[in-house]
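Here's the structure we're looking at; comments come further down.
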Amino acid sequence: STAQLFTLEEAARVAGMCEQRGLGLVGFTCYQTYFPEQLVLDDPKRLMVTSDGEQLFKPYQELPDRVTFEEIGELGLCPFRPENKAFYQELLLAICEWPATCEIHVNDEASLGWFGNWLMACYCDYCQAQFKEKTGSNPPMKRDWEDPLWWAWLEHRFENWNAVHAEFREGIKKVRPEIVVGQQHSPSIPERMYNAWVYGINLARQATTM
């Protein structure tokens, strides 16, 4: 099936119809996997950078004019870059302004990996710098279960994933405390098909922050 995506303007009209009929609006929102392509055509470094455990994959190929829609479609925005968070927070606050809004799910079906190919994220320049500031080392490129730095990298990703969504929740609750906030994960991640350490999602831990 294909997701039915609405622009903010289209969704606002739906929210208005809900309000007229005394109905509540439940919004499933996204920024990491669905976003205006122009964002990364203008600044390709807003995309996630993945690794197969040995080498980096950079879909923007370093040069902005070489980005294609096909490449964009294979990867999402880095969820941690400040400019991406600011873009999404503005969207969430706009949705909060609609009186009918009663529930918001954030970052729909996103993760820190890519379905089925074991590519892990994020190794963009921002994320690498954040990890190096914390540990004094670059994030490891190769899986090594005997290396404490590898474990520190996995923990860092879990922590940041929880923190960024808790931040979005806090922003929503600050302006509309009554709105229910959640996150719909893909049913295949991390429930049963893929390892949580690849995709950066710990359901039990995230339940305490969402």
Peptides 77-89, 6-18 ordered by average Cβ neighbours within 10 Å, highest first: 77-89, 6-18
Accessible area per residue, Å², the stretch 79-129 with all protein chains present, probe 1.4 Å: 37
Could you give me the ³J(HN,Hα) list for the stretch 19-28, computed from phi with Karplus coefficients 6.51, -1.76, 1.60 and θ = phi - 60°, whole Hz, x at Gly and Pro? 4, 4, 9, x, 9, x, 10, 9, x, 9
Estimated FRET transfer efficiency when R0 is 30 angstrom, pair Asn195-Tyr34 (beta carbons, to 0.05): 0.75
Tell me, how many Å apart are the Cα centres for the stretch 1-52 and for the stretch 133-192? 21
For the stretch 115-181: span of alpha carbons on each principal axis (Å, largest first): 46, 31, 21
Put a dot 7 Å past each Cα toward the Cβ at Asp42 and Ala129; how far apart are the dots in nm? 2.0
In the stretch 75-210, what is the volume of the convex hull around the alpha carbon atoms, normalised per residue and reported in Å³? 118
Starting from the 7 Å offset along Cα-to-Cβ, what nm value, one decimal, do you get for the label separation of Ala94 and Glu155? 4.0
Straight-line reach only, C-alpha to C-alpha below 25 angstrom: list the lysines that Lys174 could link to, leaving out same-chain residues fewer than 8 apart. Lys85
Fully extended contour minus Cα-Cα distance, from Phe87 to Leu56, at 0.36 nm per residue: 8.6 nm
Students sometimes get this wrong: rank Tyr34, Tyr123 by accessible area, probe 1.4 Å, all chains present, largest first. Tyr34, Tyr123
Provide the net charge surrounding Ile95, with neighbours chosen by a C-beta distance below 15 Å and charges set as Lys +1, Arg +1, Asp -1, Glu -1. -3
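The values are calculated or read from the model by the stated rules, or taken from the named source; none is laboratory data. Owing to the predicted nature of the structure, the values given are computational and were not obtained by experimental measurement. Every residue, glycine among them, receives a Cβ derived from its backbone with ideal geometry; neighbour counts consider all protein chains shown. The accessibility values were calculated without ligands, DNA or RNA, using every heavy atom of the protein model including side chains. Shrake-Rupley method; radii C 1.70, N 1.55, O 1.52, S 1.80 Å.
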